[in-house]
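The structure under discussion appears below in the form of structure tokens.
The values are calculated or read from the model by the stated rules, or taken from the named source; none is laboratory data. Please read these numbers as outputs of a predicted model, since none were measured by experiment. All Cβ positions, glycine included, derive from the backbone under ideal geometry; neighbour counts span all protein chains shown.
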């Protein structure tokens, strides 16, 4: 069952919300959310959603469909097997058979390491002796053919391709950028410029995201944490929406908030996924709710200047919150975001233990959650992460993931940009698309 927010339009003409439009003008971003929460608590006019649960029956349905498609359309079969894994209860028969089926497809395409990984994952479960024997036979074949996969990889590898995305030189103020990049903060506005003349194709920066979010169309093929596209992903034990590369990615994701997201992930659609995940990470970076509340009161770059550049792009763990807060024509989006946020907070209260129990502290925390969530939604520019999906040619994926990047997210938008952003898992590389003169502002396309 897939949820959407198409019912959000019921709030547009709700007479009980008529006073909310005045709160949209408040300097405190949380005021509109708190007003909406007060009204909806009285009217009980919350959005209604369905939540998925692990199911052997539904998992078996996707497993069967994958088996029927495995010969004529192995790509679609793999998607069905991944769906079966996401829906399968842990250690169930459908989970074991889905791993075996993925291993078989991987072996057919000489993805031997992937085949072996799937087999090892399956063997770690409580398999029958017949299945163990079948898996060990398949593993033996894969181990004999691993050298072919390595040879193919070596042919495409070169010192140029292996080292192209390594940062050359040292930029003290902005460690993720080369010395070709300079950052200025003028009247609270971040300006990223060329520090010297730059040639076409020059690598300008390689930045790791503060937070990323997979497009809903990519959730069955890429890691929920690092965005790696892989045929041997492992499902989350709790939800039916997240796949991970391995236990390392799963553990990191849990530490950054997926243990909370997991319980309401069925309502976290593409429009709110990135700011919501960033919000959870910000909470985990805080030592207490008091620190979280304090952070919510110092949003934006107002009053900052060049001497504080390192606070934005250096070691500051809250650098993503230093995006400029000067965007115009935000109130239409602000209303929609407000109504999404107030419903998400409602389900956080109902289905998780994320919020504190003390009533007085909870109200202050909900205000802080609303403030940061709405700020991220309105003012932080999500960077489109275009990922290459083939070897030896520049073929990009149809559906772009997005991420928050403290440096690249502060570049100006242009319909004729002078830079290009390419996704590298949960990092991006910034390349010069045109010759750029010293002092010229770096731009990229938001769309």
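Please go through segment 265-302 and give me each residue that is outside any helix (DSSP H, G or I), touching a residue at least 60 places away in the same chain (Cβ under 8 Å) and over 12 Å from the mean Cα position of the chain (by Cα), ordered by number.
297, 299, 300, 301, 302 - these are the residues of segment 265-302 that are outside any helix (DSSP H, G or I), touching a residue at least 60 places away in the same chain (Cβ under 8 Å) and over 12 Å from the mean Cα position of the chain (by Cα).
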So, restricting to helices (runs of 4 or more DSSP H) that lie completely within segment 1-70, which ones have at least 1 residues that are closer than 24 Å to residue 349 by Cα and touching a helix residue (DSSP H, G or I) at 6+ places or on another chain (Cβ under 8 Å)? 20-23, 30-43
Search segment 420-445 for residues being buried (at least 20 other Cβ atoms within 10 Å of the Cβ) and farther than 22 Å from residue 161 by Cα, and hand back the single one that is modelled with the lowest pLDDT. 444
So for segment 163-170 (the condition being without any contact (Cβ under 8 Å) to a residue 40 or more places away in the chain and crowded, with 18+ Cβ neighbours inside 10 Å), does at least one residue qualify? no
Test: residue in segment 125-147 that is in a helix (DSSP H, G or I), under 29 Å from the mean Cα position of the chain (by Cα) and farther than 26 Å from residue 68 by Cβ: no
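Among the candidates 173, 143, single out the residue that is more than 30 Å from residue 81 (Cβ to Cβ) and in contact with a helix residue (DSSP H, G or I) (Cβ under 9 Å, 6 or more places away or on another chain).
Numbers: 143 fails: more than 30 Å from residue 81 (Cβ to Cβ).
Selected residue: 173, the only one of 173, 143 that is more than 30 Å from residue 81 (Cβ to Cβ) and in contact with a helix residue (DSSP H, G or I) (Cβ under 9 Å, 6 or more places away or on another chain).
Specify which of the listed residues (185, 181) is in contact with a helix residue (DSSP H, G or I) (Cβ under 6 Å, 6 or more places away or on another chain) and not assigned by TED's automatic domain parsing to the domain that holds residue 268.
Numbers: 181 fails: in contact with a helix residue (DSSP H, G or I) (Cβ under 6 Å, 6 or more places away or on another chain).
Going through 185, 181 in turn, just one is in contact with a helix residue (DSSP H, G or I) (Cβ under 6 Å, 6 or more places away or on another chain) and not assigned by TED's automatic domain parsing to the domain that holds residue 268: 185.
So which of 148, 116 is farther than 30 Å from residue 410 by Cβ, touching a residue at least 24 places away in the same chain (Cβ under 8 Å), outside the structural domain of residue 196 (by TED's automatic domain parsing) and exposed (fewer than 13 other Cβ atoms within 10 Å of the Cβ)? Walk me through it before giving the result.
Details: 116 fails: exposed (fewer than 13 other Cβ atoms within 10 Å of the Cβ).
The conditions single out 148.
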Please indicate, with yes or no, whether at least one residue in segment 82-100 is in a loop (DSSP other than H, G, I, E, B), under 26 Å from the mean Cα position of the chain (by Cα) and surrounded by fewer than 17 Cβ atoms within 10 Å (Cβ to Cβ). yes
Would you point out the residue of segment 380-399, among those that are modelled with pLDDT under 90 and under 12 Å from residue 426 (Cα atoms), that is surrounded by the most Cβ atoms within 10 Å (Cβ to Cβ)? 385
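Could you run through segment 121-138 and say how many residues are free of Cβ contacts under 8 Å to residues at least 40 places away in the same chain and within 17 Å of residue 243 (Cα to Cα)? Can you show your working first?
Looking only at segment 121-138, we keep the residues that are free of Cβ contacts under 8 Å to residues at least 40 places away in the same chain, and these are 122-138.
From what is left, the residues that are within 17 Å of residue 243 (Cα to Cα) are 122.
Looking only at that region, the number is 1.
Among 377, 337, which is the only one that is at pLDDT below 95, more than 17 Å from residue 281 (Cβ to Cβ), in contact with a helix residue (DSSP H, G or I) (Cβ under 9 Å, 6 or more places away or on another chain) and crowded, with 18+ Cβ neighbours inside 10 Å?
337
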When segment 328-385 is examined, which residues are found to be more than 21 Å from residue 8 (Cβ to Cβ), more than 23 Å from the chain's Cα centre (by Cα) and not in a helix (DSSP H, G or I)? 328, 356, 357, 358
Residue among 273, 217, 252 that is closer than 21 Å to residue 399 by Cβ, modelled with pLDDT of 95 or more and not assigned by TED's automatic domain parsing to the domain that holds residue 406: 273
Residue among 68, 79, 85, 63 that is within 13 Å of residue 240 (Cα to Cα) and not assigned by TED's automatic domain parsing to the domain that holds residue 369: 85
